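Below is one structure, written out as structure tokens; comments come after it.
The values are calculated or read from the model by the stated rules, or taken from the named source; none is laboratory data. Owing to the predicted nature of the structure, the values given are computational and were not obtained by experimental measurement. Neighbour counts run over all protein chains shown; Cβ positions are idealised from the backbone, glycine included. Keep in mind that these areas ignore ligands, DNA and RNA; they rest on the heavy atoms of the full protein, side chains included. Shrake-Rupley method; radii C 1.70, N 1.55, O 1.52, S 1.80 Å.
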Amino acid sequence: MSIEQLAETALAMVAPGKGIIAIDESTGTIAKRFAGVGIENTEENRRAYRELLLSTPKLNEYISGAILFDETIRQKTKDGVPFAKYMADNGMIPGIKVDKGTHALAGFPGEVVTEGLDGLRARLEEYYKLGARFAKWRAVINIGDDIPSGTCIEANAHALARYAALCQEQGLVPMVEPEVIMDGNHDIETCYEVSEVTLRALFDALYNQNVALEGTILKASMVLPGKDCDEQASVDEVAEATLMCLKSAVPAILPGIVFLSGGQSDDDATAHLDAMNRMGPNPWPLSFSYGRAMQSAALKLWSQDLTGNYAAAQATVYERAKANGLAALGQWTRG
Ligand code: 13P
């Protein structure tokens, strides 16, 4: 696989006015989302829900690709078309979550490291054959009393870089995601410092593992005060802090940065992205790879009437895609 092909895929993922929909919840995570709205967590319900999202009419106007879960990339539409083929036929790039989740970091209470490197080369080879062209790995950095430790940041950066190198070897664009978690009462400055040191460690590790940045996408968290912090920040404060942090730690050669929503409200996630793009020009396209901020409204509607609300749920997916697509251009207007 040539770097040129990886770079082409990476650029297509962040094409102007387009972003990614993350529908790669593990079976455990989707169980929580379904439980929240009273849907039974069966394989058929998961399949039907992912089909609703992916078959939203005109989704490809604002969505360049979707991140799938291992089960989902093996599933089909009700008409028997594999989801990855359905996406490719409809101008969307199939992606796949390849990490195996977080586990306690031994010796470091309160901290986690993402696992999944063992056997990853063979899994990537299979995912490529199943149609995936990019792959996501999420690392989790918690903020709290005396955490994160340097050890946690280094361990996660090392794993991200090992996975990214394997992805490129197998022809998949790595979407590297070091998520600094919003939970806690820390202030925005603390989030800034933790985000900066995490990104610096990540790009050092990518360099050390010979990862070609021109064929890599960063999935970043925004610089925000903790959810329980007394002093919340304005939209412009979040946008300025996030931009400054990224500019100080992320090489300009990267084809693009997409954000996770991380528990922000739908409107906040869109407003922050829009503000950052209005503050441009920036060194990279800044777009979205939202999970909850793309899906929550649709899931709620669908759960109230699985057949009756199907089209209405899809309409909200389209609305969220359009709002975020406009925000990726700095052209969104609230309401
Ligand atoms: P949220 O946007 O819900 O944070 O999910 C994005 C994601 O893929 C996290 O890994």
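A few points about this structure:
- Ligands, DNA and RNA left out, the 1.4 Å accessible surface of the range 48-151 is 51% carbon and sulfur atoms.
- Length gained on full extension, ALA252 to ASP145: 35.2 nm, using 0.36 nm per residue less the C-alpha separation.
- For the pair GLU154 and SER2, a Förster radius of 30 Å applied to the C-beta separation gives a FRET efficiency near 0.45, rounded to the nearest 0.05.
- Filtered trypsin sites (Lys or Arg not before Pro), the range 275-335: DSSP coil and at most 12 other beta carbons within 10 Å: ARG334
- Rg over Rh [alpha-carbon atoms, Kirkwood Rh] for the range 20-158: 1.03
- Summing Cβ point charges (Lys, Arg +1; Asp, Glu -1) relative to the Cα centre of the range 1-126 gives a dipole of roughly 300 debye.
- Hits among aspartates and glutamates - C-alpha to C-alpha of LYS58 under 18 Å, sequence gap 8 or more where chains match: ASP89, GLU319
- Taking label positions 7 Å along the Cα-Cβ direction at both GLU319 and ARG74, the computed distance is 3.7 nm, reported to one decimal.
- Taken about its Cα centre, the chain carries a charge dipole of about 1320 debye when Lys and Arg each add +1 at the Cβ and Asp and Glu each add -1 at the Cβ.
- Gyration tensor (Cα) of the chain, equivalent ellipsoid semi-axes in angstrom: 28, 23, 20
- With a cut-off of 18 Å on the backbone N, the residues of the range 314-335 near the modelled label site 7 Å out from ALA15 along Cα-Cβ are 318, 321-330.
- Between ALA35 and ASN208, the C-beta separation translates, for a Förster distance of 45 Å, into a calculated FRET efficiency of about 0.60.
- Based on Cα atoms of the range 251-316, Rg over Rh with Rh as the Kirkwood radius reads 1.13.
- A crude spin-label estimate for the pair ASN185 and GLN304, with each label 7 Å from Cα along the Cβ direction, gives 3.7 nm.
- With the simple spin-label model, which puts each label point 7 Å out from Cα in the Cβ direction, the ASN45 to ASP267 separation comes to 3.0 nm.
- Whole-number Å³ per residue for the convex hull built on Cα positions in the range 211-335: 128 Å³
- Residues of the range 147-171 with amide N under 12 Å of the 7 Å Cα→Cβ point at HIS103: none
- For the range 185-298, the fraction of 1.4 Å probe accessible surface lying on carbon and sulfur atoms is 46 percent.
- Per residue, the chain exposes 41 Å² of solvent-accessible protein surface, assessed with a 1.4 angstrom probe and all protein chains in place.
- Taking one quarter of the surface of the convex hull spanned by the alpha-carbon atoms of the range 61-132 gives a direction-averaged projected area of 6.6 nm².
- Of all DSSP bridge pairs formed entirely within the chain, close to 15 percent run antiparallel.
- The largest-to-smallest principal axis extents of the Cα set in the range 108-147 are 45, 18, 8 Å.
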